[in-house]
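Read through the structure below, which is laid out as structure tokens, and then see the notes.
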Amino acid sequence: MHALYFIPGLCLLLVCTAGCSGLMEQTFTLPAGASGPPLTALWEGAVAATGIDEESGLVSDLDLIRGGDGRIIQMDLLFSGDINGECRYFDASRRQDGTVTVRSLTGLSPAGLGHPGRVFGDLEALGSNTSFWENDWSIHLKNIRGATYRNESFPVYLLENGTLVPLDYVSTAGAPSPVFSFSFCKVGISDGSAVSEQEGDATLFVGTGECSVIFTPEELEKTSYRKMDGGEDGIVSPS
């Protein structure tokens, strides 16, 4: 069974291998020629392909790597959302021909990054007036427990309204729930872009290369953090 849907800027041909009422695998095509990450188009296509309630959507894992020639080398997304009140889990992977395949999954944790549409839009907006997304880069969404991030090792930011606000210090130790953050590197490499050293019970991440860690406002509120020039008394702890 095939169904054709139209979303501005996105051609979506759903190929239902098990009938659209019981999604097993569907495909759609991302728009070509995007200079930055096609994250909004990816999310809109995934929502349309699965029929989840977008407000309930959570992203638990993202890996996106682009080469210096503009070619996307890897794009994988793990996400969940409610369908008729039931939480469902999915994987979306981009193939080399530009199509994205969405598959149903089982047995995953419901934890994830909320408001993906807004967050992905804010990430894309970073390159509107800068060279942020030029050349080769990688971006990953991960949940790392007991981590400490310090600005003297590599840049740490709050992503808010399409801008990056510098942070001095962030610790996920003692967070009340899993904390998700983006790692962004100006070289197309995977998580080996940051090595770790043990510091007590937590982990101190030391960057190698042009790498940054980016938190959304909701995820940052789960942590202990200090803004730049906040002083020793400027640490904010989770409520």
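Structural remarks
- Among the residues of this structure, G121 does not count as one that is in contact (Cβ under 8 Å) with a residue 60 or more places away in the chain and surrounded by 17 or more Cβ atoms within 10 Å (Cβ to Cβ).
- Filter pass, S60 being hydroxyl-bearing (S, T, Y), crowded, with 19+ Cβ neighbours inside 10 Å and in a strand (DSSP E or B): yes
- Total residues in the range 133-161, condition small (G, A, S) and more than 27 Å from D229 (Cα to Cα): 1
A quick yes/no check of all residues on (1) modelled with pLDDT under 95; (2) touching a strand residue (DSSP E or B) at 6+ places or on another chain (Cβ under 6 Å); (3) surrounded by fewer than 14 Cβ atoms within 10 Å (Cβ to Cβ); (4) assigned to a loop (DSSP other than H, G, I, E, B):
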site	(1), (2), (3), (4)
S56	no, yes, no, no
L64	yes, yes, no, no
G70	yes, no, yes, yes
D76	no, yes, no, no
F79	no, yes, no, no
F90	no, yes, no, no
T101	no, yes, no, no
L108	yes, yes, no, yes
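- Inclusion of S80 among residues that are of a type outside the set (K, R) and farther than 18 Å from S183 by Cα is warranted.
- Which numbered condition A173 misses (of (1) buried (at least 17 other Cβ atoms within 10 Å of the Cβ); (2) assigned by TED's automatic domain parsing to the domain that holds K222; (3) more than 27 Å from G51 (Cα to Cα); (4) among the aliphatic types (A, V, I, L, M)): (1)
The values are calculated or read from the model by the stated rules, or taken from the named source; none is laboratory data. Quick caveat, the model's predicted, so the values are computed rather than measured. Glycine gets a Cβ as well: all are built from the backbone with ideal geometry, and neighbour counts include every protein chain shown.
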